[in-house]
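Okay, structure first, notes after.
The values are calculated or read from the model by the stated rules, or taken from the named source; none is laboratory data. The model shown is predicted, which means the values in this text are computed figures rather than measured ones. Reconstructed Cβ throughout: ideal geometry from the backbone, glycine too, with neighbour counts over all protein chains shown. Ligands, DNA and RNA are excluded from the accessible area calculation, which covers all protein heavy atoms including side chains. Shrake-Rupley method; radii C 1.70, N 1.55, O 1.52, S 1.80 Å.
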Amino acid sequence: MALKSNPFRAFARIALTAASLLLSTQSFAAYPDRPITLIVPFNAGTTPDIVSRLLADAVGRDIGQQIVVMNRVGASGIIGTQAIVNAPADGYTIGFANVATLAINQSLYKKLPYDADKQLAPVALTGFVQNVLAVRKDLGVKSVAELVAKAKGAPGKLAVASGGNGTTGHLSAEMFKSMAGVSITHIPYKGGPEADLAVLRGEVDLVFENITSISPYLKNGSVVPLAVTGRQRDSRLPQLPTMAESGLKDYQAVAWTGYVAPAGTDPQILDMLNRAFNKAANAEAIKARLADMAYEVTTGPRSALFDLAHKERPIWAGVIRTSGATLD
């Protein structure tokens, strides 16, 4: 026999749903009524930090509330990302996210203590920075083809520096080694600046480094740039070919970035923040300052950030699998 529905329970469910919607609407109407924290999982003075502070200032002015940047550093962005995940989903904590925290770490670490898809919500995709393949001046090569020939002539003798295991610099090099079919020794340093100096001092032969960091050495001729790692040439270095143009078809490795919030944050708040970040990143004055840092603005709907992460995860998983670069 079928059970009769309880009209009082049905009414209670409707009332609870209405109350929840009303509270959500009231909460959004008051948002933001206090400062917002923006967690950056990387060091102060790095590209993620500089870009975040620039955008935070503009977004804060647009929404009428201060956005305070807080650096929570460590473990390839894991510590800061965990802080974002564990924050209340009220719109008052957001965070910086990038190719490492959303796409690389998923394969690099055997046990990742966060699930980006389940515990984070996308706010905005804002842009990317290309890497440059550069070699020491006295190596005697002036093109990617010459570097490949030299590496094949002396397997394992050349050394490539990076800012650490699992960084885009490291994995850009691993992608190069795999696609070019060469054996080059990887030497990790404590950061990008240290890796750059290693090339200058002749401790290593080459490095894959983001344009922003290595730019001073490109300008003064301390290193020899061979190619950029994006799909298109960089407007600040138009003479440099891409890796694909240099013979490695389909090669692409860029450090894209964006912003996230704890899962469960009101979609109305997320949409509001998305509009504010898009507006800030595309403002002419800010776009020009970002261009000086070789940061290329790319914006879109909130979903664009996770769509890109899902697209690139299998690519980086393949690079990591081939290189054996997993970490505990």
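For the range 124-194, divide the Cα radius of gyration by the Kirkwood radius and give the resulting Rg/Rh value with two decimals.
Ratio of gyration radius to Kirkwood radius for the range 124-194: 1.00.
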Problem set entry | Amide H within-cut-off set for V123, under 5 Å, with H built and near neighbours excluded | Y259, V260, A261
For this session: Find the all-direction average of the projected area of the Cα convex hull for the chain, expressing the result in square nanometres with one decimal place.
Result: 20.5 nm²
Exercise. Per residue, how much accessible area does the chain show when a 1.4 Å probe rolls over the protein heavy atoms, in square angstrom?
Worked result: 47 Å²
Exercise. Once you list every other residue whose beta carbon is under 12 Å from the beta carbon of R289, what net charge do they have if Lys and Arg are +1 and Asp and Glu are -1?
Worked result: -1
For this session: Quick one: which residues, 5 or more positions from V132 or on another chain, have an amide H under 5 Å from its amide H? H modelled 1.01 Å from N in the peptide plane, none for Pro or chain starts.
Result: E209, N210, I211
Exercise. Which residue fluctuates the most in the chain, going by a Gaussian network model with Cα springs under 10 Å, if the choices are A244, A116, A294?
Worked result: A244
Problem set entry | Diffusion constant of the range 234-287 at 25 °C, which comes from Stokes-Einstein with the Kirkwood Cα-pair radius and 0.890 mPa s, µm²/s | 167 µm²/s
Exercise. Residues with beta-carbon under 15 Å from that of D266, excluding D266: net charge, scoring Lys, Arg +1 and Asp, Glu -1?
Worked result: -1
Exercise. For the cross-link pairs K152/K249; K152/K219; K118/K177, which exceed 26 Å when the distance is taken from alpha carbon to alpha carbon?
Worked result: K152/K219; K118/K177
Exercise. Roughly to the nearest percent, how much of the accessible area of the range 176-239 is carbon and sulfur, given a 1.4 Å probe?
Worked result: 51 percent
For this session: Please give the helix 267-282 orientation as an angle from the longest Cα principal axis of the chain, in degrees from 0 to 90, rounded to the nearest 10.
Result: 40 degrees
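Determine the gain in length on full extension of the stretch I63-Q268; use 0.36 nm per residue of separation and subtract their C-alpha separation, reporting nm with one decimal.
Difference between extended and current length: 72.5 nm.
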Seminar exercise, completed: Rounded to the nearest 10, the angle in degrees between the Cα long axis of helix 303-323 and the longest principal axis of the Cα atoms of the chain comes to 40 degrees
Exercise. How many angstrom lie between the C-alpha centres of the range 75-91 and the range 251-328?
Worked result: 16 Å
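Semi-axes of the range 241-328's equivalent ellipsoid from the Cα gyration tensor, sqrt of 5 times each eigenvalue, largest first, rounded to whole Å?
Each semi-axis is the square root of five times an eigenvalue, giving 29, 21, 11 Å.
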